[in-house]
Amino acid sequence: MKPLPDRRSRRRFRIPVRVLYRQIFEGRLLSAGAAQTVDVSSSGILLAGISGPLLRGVPVELSLSWPVLLDETVPIALHAEAFVVRVERERVALQFRKTQFHTARRAA
């Protein structure tokens, strides 16, 4: 039996970095923690190692250190708002709603 073709319209990149996340609903923190990226595309992200359940339909705020430096010297971080679209075993797929790159401080 042949494997099914990948139906995703965006190219995925394996970028293994730590992600900080939090889910807030009506001013109340529902979940927060750290996870590991499996892959990233321009439209979403797949995370592994989520420490608590994330609710579908409630925005998730993400922050991750980007592995490439701006102008080869300045660290940057990706900040995003996303929604849970799929949960499979210990992985969670999120679709980006908003993304922004920010300059970041170097780790001490």
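Taken together, the values in this text are just the output of simple stated rules run on the coordinates, not laboratory data. In this text, all values refer to a predicted model and were calculated from it rather than measured experimentally. When we count neighbours, we look across all protein chains shown, and the Cβ atoms used for this are built from the backbone with ideal geometry, even at glycine.
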Sites matching trypsin sites (Lys or Arg not before Pro) across the range 33-108 that sit in DSSP coil, with at most 14 neighbouring C-beta atoms within 10 Å:
Arg56, Arg89, Arg105, Arg106
Sequence-separation-based contact order of the chain, relative, with Cα cut under 8 Å and 6+ spacing, percent
22
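Find, to one decimal place in angstroms, the Kirkwood hydrodynamic radius of the chain, where the mean of 1/r is taken over every pair of different Cα atoms and then inverted.
Details: mean 1/r = 0.0678 Å⁻¹.
One decimal place: 14.7 Å for the Kirkwood radius.
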Mean-square fluctuation check for the chain, GNM, Cα pairs under 10 Å: which of Leu47, Leu94, Leu55 is largest?
Leu55
Rank Val68, Val92, Val38 by mean-square fluctuation in a GNM of the chain with C-alpha springs under 10 angstrom and give only the top-ranked residue.
Val68
